[in-house]
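Structure first, then comments.
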Number of protein chains: 2
Amino acid sequence: MELKRSLLPESDLPVEWYNLLADLPEPLPPPIHPLTKEPLDPAALERIFAKELIRQEVSQERWIGIPDEVRRVYALWRPTPLVRARNLEKALKTPARIYFKDESHSPPGSHKPNTAVAQAYYNKIQGIRRLSTETGAGQWGSSLAFACSFFGLECKVYMVKVSYHQKPYRRVMMQLWGATVTPSPSEETECGRKILASDPNCPGSLGIAISEAVEVALKNDDTNYTLGSVLNHVMLHQTVIGLEAEKQMKEFGDWPDVVIGCVGGGSNFAGLAFPFLRHKLAGKEMRFVAAEPKACPSLTRGMYRYDFGDTSMLTPLLKMHTLGHSFVPAGIHAGGLRYHGMAPMVSFAVKLGLVEAVALHQRECFEAARLFAATEGIIPAPETSHAIRAAIIEALKCKETGEEKCILFNLSGHGICDLGAYERYLAGELEDYELPQEQIDQALAELPAVE
Amino acid sequence: MELKRSLLPESDLPVEWYNLLADLPEPLPPPIHPLTKEPLDPAALERIFAKELIRQEVSQERWIGIPDEVRRVYALWRPTPLVRARNLEKALKTPARIYFKDESHSPPGSHKPNTAVAQAYYNKIQGIRRLSTETGAGQWGSSLAFACSFFGLECKVYMVKVSYHQKPYRRVMMQLWGATVTPSPSEETECGRKILASDPNCPGSLGIAISEAVEVALKNDDTNYTLGSVLNHVMLHQTVIGLEAEKQMKEFGDWPDVVIGCVGGGSNFAGLAFPFLRHKLAGKEMRFVAAEPKACPSLTRGMYRYDFGDTSMLTPLLKMHTLGHSFVPAGIHAGGLRYHGMAPMVSFAVKLGLVEAVALHQRECFEAARLFAATEGIIPAPETSHAIRAAIIEALKCKETGEEKCILFNLSGHGICDLGAYERYLAGELEDYELPQEQIDQALAELPAVE
């Protein structure tokens, strides 16, 4: 029987993360203070982030050791399988070889715990008692709750109120892992109270939830804040994905010509792509494709500029591809990709020409997901379906040209909590959204005046 | 780092199933025709089952080869991990070593596809075009839909109407894998039409859904019927679980003193336990514990007697532990354990004193599941929580006696589609159900007059 899945033994769990910053041909533009417009002193972040995470955020070391305590939790589901999608290849009648790295096997169901576990650990050893965060649909919140349960940390999640009520499954998941989940806006914080005073029925937003989570971290010495994407240290932690995949491609005796991931904040793409990018930087011919939704096309239609990471303008300014912090994307079902900006490291890789971007409509992505489920068995998250669609586009190009390319994509998460979205897709109720240029122009006009 | 998970390479995927019938000290009582009261001619089953499956149903061969086509689909998620539950051990402060075989990684999320794939394959090579089946909450229906998608078979699922409307997630899963799902009772069958004529608002039942699925198989030469538990060939296919676990226990340098599974129809328990049972039959000292719900206690409070396998009295009579085919269990959340009978092979093993049974309340099981999720990360299915609770009981006994026993249980499925039940548990809304003896007596009084 031909090899279907490469399963590394536990002894092959990476012992170090890979830091792409060490190998970039130019230095990454630093975060900037919104008032002084000067590069931010990393120490300023210590009020809400663990020291070691800030150190990693700016580190230029190529390899950063993974603590054994973190590896022990990773070992609950890592190494994850690398799978040859032979059935999908056959269905497409493509000469291309398609592989995917399956990050859906973590207990919360996605790649997110790769960084949640590391963040919980570093906060724990620093003496922090509680972590706060925000969550929309619940992917990040459930991953942090999961991670905190292993290090005896309290976990406080502000969940966008409308999701809290409409998407109870991920909320229950967080509660099972011991987290306290509060619908946001809440009466617990000043900013929550202020909003509720003026609008008692406010459905909440990610921006408001961030403000609440940051506020409790600022006001309580025993509490830190955590972020599930965008930042450099998050990209770093996710590189376990690509480091495992490298070994596994070798087990198949193969090597990717094209590496693909979906992008919202950018972390699952970075996790798979960055370890392979160092081979491109060393001269190997490879392509890298970041797949984003047409409804939120920061890489393909945004600007590469300094902007706030959040809609409430609380964060430092980050140089990134952005649609403007006031941009509100349409309510597509890939909730994890509805972010106005993009990780500075991913943005910089695109700017340097190392990474290409492609924007996709949600229906073509759901159609790709259906084909994937029928051939490879796994029901992917709507976010992940963008990577699958991008991989299929590449495979169909090979069918036309006859090229036998090797395509690798990241299966960042499963869609078992998203079957409601699939129901709407199967019922023909989903629509594609053509984003008018005026909407982008309007949001971009509000960009802060820092080039 | 100590070994956490044993991951066998794909080359260790079993090439044969193990047939316990070859090693039992006495022959299993055969199925009996309800009218003649004579042992059933297996050929009578050919109208609705594939020939090879009937051959396996009565085979006395110890080892039965697994076709490569079946192994190729198994390889999508098998071999599954065997995990040492060190975090759970620590939380319990037990000297016992606890292991679990993780069957939750299959795309439908449970052990069910182990037999669904084999059944789909044997029907396919016999020229059958379509498979019919019934499903309650949807675990079996989704596994069969998944399996059919790989062999180009149509899949027709009659889903209990109340579940069809109340539990749309598994229905959508089936539809994504290409199955046609019909709420039962339906207008498509004679028996459905008859029921709807007298009760247009009938919410349906598993018994009615079976009748519809069997009817379409009887009336259409190109359609066969499939069953997800109870029958001997189903137990056979599930033995891949225990065969892998045997090798994996050796990788840990350990061997189970106690093997545990939850039981509804009996297939996940049999799958893990039967390959280990042959060592007990060969003289090794081992215990086997089947964990059932107190709300449906066929092994602990039922009779070992001939009874119908279904509530509608359509099936042959099977010798098994039963609460009577008319028994209607309370609406506990472990829907997969709400079966009045028990697989004849599991029943016989209990009768022979090879297997013990324990009955558990649902709240203690949910509590066990919560502890398991907080320590080992995985949210188990409510059915599976019975096995976890039974394992914890054994581990706590060790804590009292100081014995360093080795406990192995089957993590038969995840609970991501059951988070609604967990929500009710966390809200304190679940109740334990003390089953009155009169209810059992009443159902047992209707047993057919065959000893």
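The values are calculated or read from the model by the stated rules, or taken from the named source; none is laboratory data. What you are looking at is a predicted structure, and each value in this text was computed from that prediction instead of being measured. Cβ coordinates were reconstructed from backbone atoms using ideal geometry, including for glycine residues, and neighbour counts include every protein chain displayed. Side chains are part of the model used for accessible areas, which takes the heavy atoms of the whole protein and leaves out ligands, DNA and RNA. Shrake-Rupley method; radii C 1.70, N 1.55, O 1.52, S 1.80 Å.
Residues B:344, B:316: which one is at pLDDT below 95 and farther than 30 Å from residue A:74 by Cβ?
The unique qualifying residue is B:316.
With respect to residue A:117, determine if the residue is part of a helix (DSSP H, G or I), open to solvent by less than 10 Å² (accessible area, probe 1.4 Å) and within 11 Å of another protein chain (Cβ to nearest Cβ).
yes
Examine the stretch A:46-53 for a residue that is farther than 30 Å from residue A:368 by Cα, touching a residue at least 12 places away in the same chain (Cβ under 8 Å) and facing another protein chain (nearest Cβ under 9 Å), and state whether such a residue exists.
no
Would you list the helices (runs of 4 or more DSSP H) that sit entirely within the stretch B:359-451 and hold 1 or more residues that are away from chain A (no Cβ under 12 Å) and open to solvent by 30 Å² or more (accessible area, probe 1.4 Å)?
Once the helices (runs of 4 or more DSSP H) in the stretch B:359-451 are filtered for at least 1 residues that are away from chain A (no Cβ under 12 Å) and open to solvent by 30 Å² or more (accessible area, probe 1.4 Å), what remains is B:362-376, B:384-401, B:437-444.
For the subset of the stretch B:17-37 comprising residues that are at pLDDT below 95 and out of contact with any strand residue (DSSP E or B) (no Cβ under 7 Å at 6 or more places or on another chain), which member is nearest to residue B:342 (Cα to Cα)?
Filtering first and then ranking leaves B:33.
Please name all residue pairs, on different chains or six or more residues apart, with Cβ atoms under 6 Å, provided the first residue is in the stretch B:81-96 and is over 16 Å from residue A:149 (Cβ atoms) and open to solvent by 10 Å² or more (accessible area, probe 1.4 Å) and the second residue is β-branched (Val, Ile, Thr) and at pLDDT below 95.
Pairs that qualify, where the first residue is over 16 Å from residue A:149 (Cβ atoms) and open to solvent by 10 Å² or more (accessible area, probe 1.4 Å) and the partner is β-branched (Val, Ile, Thr) and at pLDDT below 95: there are none.
Quick one: in the stretch B:336-356, of everything that is open to solvent by 40 Å² or more (accessible area, probe 1.4 Å) and not aromatic (Phe, Trp, Tyr), which residue is farthest from residue B:293 (Cα to Cα)?
Among those residues, the one meeting the criterion is B:352.
Would you be able to tell me the number of residues in the stretch B:78-102 that are within 13 Å of chain A (Cβ to nearest Cβ) and part of a helix (DSSP H, G or I)?
Residues flagged as within 13 Å of chain A (Cβ to nearest Cβ) and part of a helix (DSSP H, G or I) within the stretch B:78-102 amount to 5.
Which condition number does residue B:127 fail, the rest of (1) more than 10 Å from every other protein chain (Cβ to nearest Cβ); (2) on the phi < 0 side of the Ramachandran plot; (3) of a type in the set (Gly, Ala, Ser) being met?
The one condition residue B:127 does not meet is (2).
In the stretch A:9-29, how many residues are within 14 Å of chain B (Cβ to nearest Cβ) and open to solvent by less than 40 Å² (accessible area, probe 1.4 Å)?
3
Can you pull out the residues in the stretch A:168-190 that are away from every other protein chain (no Cβ under 14 Å) and open to solvent by less than 30 Å² (accessible area, probe 1.4 Å)?
A:182, A:184, A:185, A:186, A:189
Filtering the stretch B:60-77 down to residues that are within 9 Å of another protein chain (Cβ to nearest Cβ) and part of a loop (DSSP other than H, G, I, E, B), which residue is nearest to residue A:146 (Cα to Cα)?
Per the stated criteria, the residue is B:77.
Quickly run through the stretch B:270-305 and pick out the residues that are open to solvent by 10 Å² or more (accessible area, probe 1.4 Å) and within 23 Å of residue B:19 (Cβ to Cβ).
B:278, B:279, B:280, B:281, B:282, B:283, B:284, B:287, B:299, B:304 - these are the residues of the stretch B:270-305 that are open to solvent by 10 Å² or more (accessible area, probe 1.4 Å) and within 23 Å of residue B:19 (Cβ to Cβ).
So that you can scan it fast, the table gives a plain yes or no per residue for (1) open to solvent by less than 60 Å² (accessible area, probe 1.4 Å); (2) over 22 Å from residue B:126 (Cα atoms):
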| residue | (1), (2) |
| --- | --- |
| B:7 | yes, yes |
| B:38 | no, yes |
| B:46 | no, no |
| B:49 | yes, no |
| B:56 | yes, no |
| B:59 | yes, no |
| B:74 | yes, no |
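Test each condition in (1) open to solvent by 10 Å² or more (accessible area, probe 1.4 Å); (2) touching a helix residue (DSSP H, G or I) at 6+ places or on another chain (Cβ under 6 Å); (3) of a type in the set (S, T, N, Q) for residue B:226 and report the one that comes out false.
For residue B:226, the exception is condition (1).
Against the definition (among the hydrophobic types (A, V, I, L, M, F, W, C), closer than 22 Å to residue B:230 by Cα, without any contact (Cβ under 8 Å) to a residue 60 or more places away in the chain and away from chain A (no Cβ under 13 Å)), how does residue B:140 come out, yes or no?
No, not satisfied.
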